[in-house]
Amino acid sequence: MSERTVPDLLTRPSAGRAASMPLMGREGEPTVFELSSPGRKAWSFRETGLPEWAPEDLVPAEHLAGAPPALPEMSERDLVAHMSRLSSRNYSVDHGAYPLGSCTMKYNPKLCDAVAAMPALAHCHPAQPDDQIQGWLALLADLERILCEVTGTAAATLQPAAGAQGELTGLLLMRAWHESRGRTPTKVLIPDSAHGTNPASAAMAGYEAVEVPSDGRGLVDLDALRRLVSDDVAGLMLTNPNTVGLFEVDIEPIAAALHAADGLLYYDGANLNAILGAVRPGDMGFDIVHLNLHKTFATPHGGGGPGAGPVAVSERLAPFLPGPLPRPVPGEEGRYRWEMPERSIGRIHGWHGNALVLARAYAYILFHGGEGLAEIARTAVLNARYLKERLRGTYDFPYDGPCMHEFVASSAGIKRKSGAKALDLAKRLIEEGFHPPTMYFPLIVDEALMVEPTETESPQTVEALAQALLAVAAEAEADGGAAARAAPRTTPVGRVDEAAAARQLRLTWSG
Amino acid sequence: MGSFVPHTTSEIEAMLGFLGLDSLDDLFAHIPEAVRLAGGLAIDPGRSEADVLDRLGALAGRNRPAGPSSGTGQLVCFAGGGAYEHDIPTAVRALAGRSEFVTSYTPYQPELAQGVLQALFEYQTMLCRITGMDVANASLYDGASAAVEGLNLAAAATGRKLVWVSAGVRPAIRAVIRTLCGPRLEIREAPLRDGRTVWPDDLDQPAALLLAHPNHLGVLEDVAGAGELAHAAGALLVAGADPVAAGVLRPVGELGADVAVGEGQPLGTPLAFGGPYVGLFAVKQAPYVRRWLPGRLVGEGQDSEGRKAYVLTLSTREQHIRRAGASSNVCTNQTLIAVTTAIHLAWLGPQGLRELALRCARGARYTRDALLRIRGVEPAATAPTLYEFAVRTPRPAGEVLEKLAEAGFLGGLELTREYPELGEALLVTVTETRTRADIDAYVTAFEKAVA
């Protein structure tokens, strides 16, 4: 690092460092099946006063199972103990910093948990008639309005259950729009730095994914893009800031190139946190935008879902949105009803999307307000920029433009000197009390570590993370990577052999 | 206004000073002015936590949720059709709410995620046991996405593009299939006769047959018969299975299904206005599994010292490795809801799951018998049902539901629009939450509503 000195203010103890997490030991936890004892039970049911017909009276013989499925038989106490112990074998945002690049692992407010638990939201049946769900319809309509304001778009569907489903929805909208104009282009352009879901979603929508190279800056190679754009291109999927954490400063000529050839611009909202209230996708020329509410709007990730991936579009694409959509009843102030857009591509979700996730995001937005959202983006960028500068000189930055809310460091230099790979450094970081950054993504950076501190980590936590990342690198250079390769030694299990697990598949417990 | 940003003014100044910047605005200085938002977002100013709760409470108060008859404005629920009111054990609720599960990410770092990985491994095992299958994934978004992925898997495994979908599959799921599979697959529908699917004589080289068991009219299907037809035609049978019905019904895996798909909401998840739910997905062991199984998968392996350890596995199928060649674009799934389902299944155990299914079936039998004694109310299908059934009403079904709502009941789902051949018809659902007193009151209100 440079000679610049770290202000004392930032080196006080950090609340986001979780090295003090207690562990009872390193023995494995038995499975529920091993804890089962025949005849033991936890269940009880209400008294109904109904006739106690026998199974044979209720189910025709050809359908009736001889015995119920072989589920575990446990006392409630043992089940609670088992699942509680499993939960304590799990790191989470509530424990400490989780600087996982591209995932926006910010604090998940307890306020939003309380909203999702409100009985008058949680106990509505999704098929109830409009007059019984006016609260839900008003909530969803207002959330749609706000998401459109945030993204600079005209209308949105809240149905997609996750980002990948949002991508697929957006691509089907792209397809429907082209078809409405009598066109059937077959290709979608995707930068080589893009997340794997982009090309996978394109394939699911029936498109051929064509890779656009990045230039020396880590941005879309504008000349290459212009060469690839043709009548046969339906559109471009772009993340901005992109997956290297850089803002695509050529976004205006990029959009112009696509639009001139009747192509559409698709915005992958994975990195929206960086530009909330500062830049809007619609104003950059994007026609279709998916958002990850579980990133930008702090709904918890649940160990890998549920998320929510609404898709917002410009005016010209609105008639094609999935439906039904909550819309005001003409002439009846404050009342809403479900409506199907006139040329809708159809349903995406079995009901209305992950409604309780949507309610959490709505509460998060009400809490922050417009200025609060802008403060989120500014602070997320400040944290990332600071952290990146603290690592300069030890880690390399192959694409060294001003980073937004995250940056991609390369540990290739450390590997050359010590033999320690990005994976080893990441595992060693665990022992220092931090969840590792995203590793080996994007694919265009060698030994990539993608770091996203988020705005809810304090300056002291960001500084402590910087010191830990510097320390593990220095240690690797001193000991030839020995400690890093042996890590982690403080977790319930040591380094897991993923390759062996894939060869010797054991996908269920069989005793 | 509220904020979760911890930075004090002096800390921001210290960080900017370190960076050699004058203001936070300088962080965005490289972004072209033309795309910068001038004037900020037109969104109301933020507010306190208490104010947000008041505002949401007021909005929620405009709903009439399902709930016990004692609650103000609440409706006693006889509606199902893919979303079910069941009692959720307090222990399940408490465990599923543990923030270590709630606020973690997809378990890419297995050493930090043994808890959620093991819980998913237990979920996969339990799902295999209730469906009679060999391999289950770690969940999909919902029942609809599970059906879509089931058809995609069949198309990939057989190299064919035609799929037959039973009209007994819930209409909204069929709509999702049309949207998401439409661009790549040819979808044909097999009609119902007396509530059961009639498959055509000439199946015409299909990739899959898809049915639901029980189906959307509550009717038990001939799964084994469909399996024979599918296999004779070189296709896979994708069967919608119900985790509650699994307490008494023979598992679809025993009846010839190659893929079991379903909705896990009934076990541990509230009605939630339709989500988040969880897509159940399990298959028989087959050569195509390694290449084409969609979604996340947890395997048991070992750590460097030979201790048992769990890990995401077969990631070579997935989008982040295979990109455009992936078996599915699924990335995030519904881990938390899958874990909830697993906890609820373990709370029930074999006898509890059987008891749950029987209690639903008993309530439904009692309700159906009573409704069919009302003049003009007729069965919409005579084939056997379990805990949901369809009845024809002598007055428009929508009108009957309105009158039932006035009397405090969510009386069922209207079937008329989606199944015009049934005439005016309702789908009625009874779960273990309904007592004899609830049902008697409902039947009385129903009789008045159709009079």
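Some values worked out for this structure:
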| item | result |
| --- | --- |
| Surface accessible to a 1.4 Å probe, per residue, for the residues of chain A, Å² | 32 |
| For the stretch B:91-343: relative contact order, % (alpha-carbon pairs under 8 angstrom, 6 or more apart) | 27 |
| Beta bridges per DSSP with both ends in the stretch A:114-367, % antiparallel, nearest 5 | 40 |
| Point-to-point label distance, B:A58-B:D22, nm (Cα→Cβ direction, 7 Å offset) | 4.3 |
| Semi-axis lengths, Å, the stretch B:91-343, gyration tensor of Cα atoms, sqrt of 5 times eigenvalues | 30, 20, 16 |
| Three-way shape label, the stretch A:372-419, alpha-carbon gyration tensor, a/c 1.5 | prolate |
| Listed residue (B:H7, B:A451, B:F28) projecting farthest to the positive dipole end of chain B, Cβ model | B:A451 |
| Packing rank of B:103-110, B:141-148, where each peptide gets the mean count of other beta carbons within 10 Å, highest leading | B:141-148, B:103-110 |
| Residues A:R392 and A:R227, FRET efficiency given R0 of 22 Å [Cβ-Cβ distance, rounded to 0.05] | 0.05 |
| Peptide A:289-302, shielding by other chains (average Cβ, 10 Å cutoff) | 3 |
| For the stretch B:42-184, average projected area of the Cα convex hull in nm² | 14.9 |
| Value of relative contact order over chain B, rounded to a whole percent, pairs C-alpha under 8 Å and six or more apart | 19 |
| The stretch A:114-367, relative contact order in percent, only Cα pairs under 8 angstrom and at least six apart counted | 27 |
| Summed side-chain charge close to B:R160 - residues other than B:R160 whose Cβ falls under 15 Å, Lys, Arg +1, Asp, Glu -1 | -1 |
| Spatially proximal lysines relative to B:K448 (Cα-Cα < 20 Å; intrachain offsets below 8 disregarded) | B:K403 |
| Neighbouring partner chain Cβ atoms per residue of B:139-152, average, 10 Å criterion | 4 |
| Over chain B: Rg over Rh, Cα atoms, Kirkwood Rh | 1.04 |
| A:F45/A:V329 FRET efficiency (R0 30 Å; Cβ-Cβ; nearest 0.05) | 0.10 |
| Per-peptide average of other Cβ atoms within 10 Å, ordering B:334-344, A:132-142 highest first | B:334-344, A:132-142 |
| Computed lengthening from A:A117 to A:R416, 0.36 nm per intervening residue step minus Cα-Cα distance | 102.5 nm |
| Gyration tensor over alpha-carbon atoms, chain A, equivalent ellipsoid semi-axes in Å | 38, 36, 23 |
| Stretchable slack from B:K448 to B:D369, in nm (0.36 nm times residue separation minus alpha-carbon distance) | 26.8 nm |
| Over chain B: helical MRE at 222 nm, DSSP H runs n ≥ 4 each giving -39500 (n - 2.57), nearest 500 | -11000 deg cm²/dmol |
| Only Lys, Arg (+1) and Asp, Glu (-1) charged, at Cβ; the stretch A:114-367 dipole about Cα centre in debye | 480 |
| Residue-count net charge about B:L151 - beta-carbon cut-off 14 Å; Lys, Arg +1, Asp, Glu -1 | +2 |
| Cα→Cβ-extended label distance, 7 Å offset, between A:R183 and A:Y440, nm | 3.9 |
| Net charge of neighbours whose Cβ lies under 12 Å from the Cβ of A:L443, counting Lys and Arg as +1 and Asp and Glu as -1 | -3 |
| Candidate lysines for bridging to A:K187, where Cα separation is under 16 Å - those fewer than 8 sequence places away on the same chain excluded | none |
| Note, ³J(HN,Hα) from phi for the stretch B:292-305, Karplus 6.51, -1.76, 1.60, rounded to Hz, x at Gly and Pro | 10, 4, x, x, 6, 9, 9, x, 9, x, 9, 8, 5, 9 |
| Projected label distance in nm at B:A42 and A:A499, using a 7 Å step from Cα toward the beta-carbon | 5.8 |
| Cβ neighbours within 10 Å from other chains - mean over A:355-367 | 5 |
| Neighbour-limited loop hits for trypsin sites (Lys or Arg not before Pro), the stretch A:135-223 (at most 12 other Cβ within 10 Å; DSSP other than H, G, I, E, B) | A:R181 |
| Förster-model FRET efficiency, 30 Å R0, B:S304 and B:R93, C-beta, rounded to 0.05 | 0.20 |
| Above-threshold pairs, the threshold being 20 Å between Cα atoms, out of A:K415/B:K308; A:K427/B:K308; A:K41/B:K308 | A:K415/B:K308; A:K41/B:K308 |
| 10 Å binning of all Cα-Cα separations within the protein assembly as shown, expressed as whole percents from 0 upward | 2, 12, 22, 26, 21, 11, 5, 1, 0, 0 |
| For the stretch B:91-343, accessible area per residue (1.4 Å probe, heavy atoms of protein chains only), Å² | 25 |
| All-pairs Cα distance distribution in the stretch A:114-367, expressed in whole percent, bin size 5 Å | 1, 6, 14, 19, 19, 16, 11, 7, 4, 2, 1, 0 |
| Loss of accessible area when B meets A, both sides summed, Å² nearest 100, probe 1.4 Å | 16900 |
| Unit charges on C-beta of K, R, D, E only; dipole of the stretch B:226-343, Debye | 380 |
| DSSP-defined antiparallel bridges as percent of all bridges, the protein assembly as shown, nearest 5 | 60 |
| Farthest toward positive dipole pole in the stretch A:134-207 [+1 Lys/Arg, -1 Asp/Glu at C-beta], among A:V150, A:G135, A:A176 | A:A176 |
| Cβ-placed point charges (K, R +1; D, E -1), dipole of the protein assembly as shown about Cα centre in debye, nearest 20 | 1340 |
| DSSP-assigned coil residues among GluC sites (Glu not before Pro) in the stretch B:299-329, each with at most 15 further Cβ atoms within 10 Å | B:E305 |
| Dipole axis of the stretch A:234-293 (+1 Lys, Arg; -1 Asp, Glu on Cβ), positive-most option in A:H290, A:H259, A:M237 | A:H290 |
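The values are calculated or read from the model by the stated rules, or taken from the named source; none is laboratory data. Nothing here was measured: the structure is a model prediction, and the numbers come from that model. All Cβ positions, even for glycine, are placed from backbone atoms using ideal geometry, and neighbour counts span all protein chains on display. Quick note on the areas: whole protein, heavy atoms, side chains included, nothing else; ligands and nucleic acids left out. Shrake-Rupley method; radii C 1.70, N 1.55, O 1.52, S 1.80 Å.
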